[in-house]
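**Student:** To start, I am sharing the structure in question, which I have written as structure tokens.
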């Protein structure tokens with residue numbers, strides 16, 4: 001008697017694209033995330049914009065990482081010429097470099113075969129989401145309290161016309177976080193109307209438009225803050241109904 005077996009083949013998983021902010025600290029974190037995703041059998045490509053203040057830094061790092069991890073695929077976008085940026089904060093330069101690199105990013109994304117299933121960006125790279133049709137997630141390399149602050153920033157912005165730097169020791173209340181003096185907030189949010197401030201405000205709004213946020217924490221470490229985030233208290237305006245999110249893998 002002959003036996004026949006119907007073999008089923010699993011279609012290959014579509015690749016995941018990671019798009020870190022220009023800067024070595026963000027690149028380190030994305031490479032670690034890449035290793036985790038690769039261990040799950042996913043094909044991952046990292047697309048890189050050279051930092052405007054040290055364009056040669058990623059090349060040295062990538063040589064070492066590529067030699068040690070041949071499964072990691074990197075694409076460096078062409079260098080861009082930055083116009084003058086009216087801000088003293090280097091974060092403004094980073095955001096501008098990402099914005100100008102968007103056309104190059106679109107070319108890479110359309111060239112990846114098969115088409116990427118997911119795009120993962122970090123805080124400064126969120127400006128690409130308006131021009132991207134791929135399901136997108138934020139990789140938030142800070143802890144949950146910092147994420148809660150950025151989710152709440154549009155609400156803080158709407159409550160006053162003053163810059164944080166002029167509010168002295170006035171306490172800021174962010175759901176899930178102990179009140180703290182506003183002068184202790186992130187330095188790039190001190191000056192309302194600064195290019196860097198506007199960039200962070202736009203990134204905060206983009207956090208609400210993505211498919212989800214991967215946070216560098218564990219729920220057991222910051223349960224109060226995580227609960228405030230997933231119940232949408234950080235983004236809830238007075239009088240709005242509660243919109244519950246989910247926490248997975250925390």
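**Student:** Take every Cα pair under 8 Å in region 150-199 that's 6+ residues apart, average their separations, divide by the length, and report that relative contact order as a whole percent.
**Tutor:** Averaging sequence separation for qualifying contacts and normalising by length gives 30 percent for region 150-199.
**Student:** Treat each spin label as a single point 7 Å out from the Cα along the C-beta direction, and report the residue 64 to residue 231 distance in nm.
**Tutor:** Distance between the two pseudo-spin positions: 4.5 nm.
**Student:** Contact order normalised by length for region 13-141, with contacts defined as Cα pairs under 8 Å and 6 or more residues apart; what percent is it? The partial results should precede the final answer.
**Tutor:** Working: 196 pairs, mean separation 39.9, N = 129.
Over region 13-141, the number comes to 31 percent.
**Student:** I would also like to ask the following. Just the number, please: percent antiparallel of the DSSP beta bridges in region 13-141, rounded to the nearest 5.
**Tutor:** 0 percent
**Student:** I've got another one for you. Which three lengths, in whole Å and largest first, does region 85-207 cover when its Cα atoms are put on their principal axes?
**Tutor:** The principal-axis extents, from largest down, are 53, 33, 21 Å.
**Student:** If you don't mind, there's one more thing I want to ask. In region 171-212, if every C-alpha pair distance is counted and binned at 10 Å from zero, what percent goes to each bin?
**Tutor:** In order of increasing distance, the bins hold 27, 41, 31, 1 percent.
**Student:** Moving to a separate point now. Starting from the Cα of residue 183, step 7 Å along the direction of its Cβ; do the same at residue 75; then give the gap between the two resulting points in nm.
**Tutor:** Those two pseudo-labels are separated by 4.8 nm.
**Student:** Normalise the Cα radius of gyration of region 13-141 by 2.2 N^0.38 Å (N = residues in it) and let me know the number.
**Tutor:** Normalised Rg, Cα atoms only: 1.00.
FYI, it's all coordinate maths here, none of it is from the lab. Keep in mind the model is a prediction, meaning the values are calculated, not measured. Cβ atoms come from the backbone with ideal geometry, glycine included; neighbour counts cover every protein chain shown.
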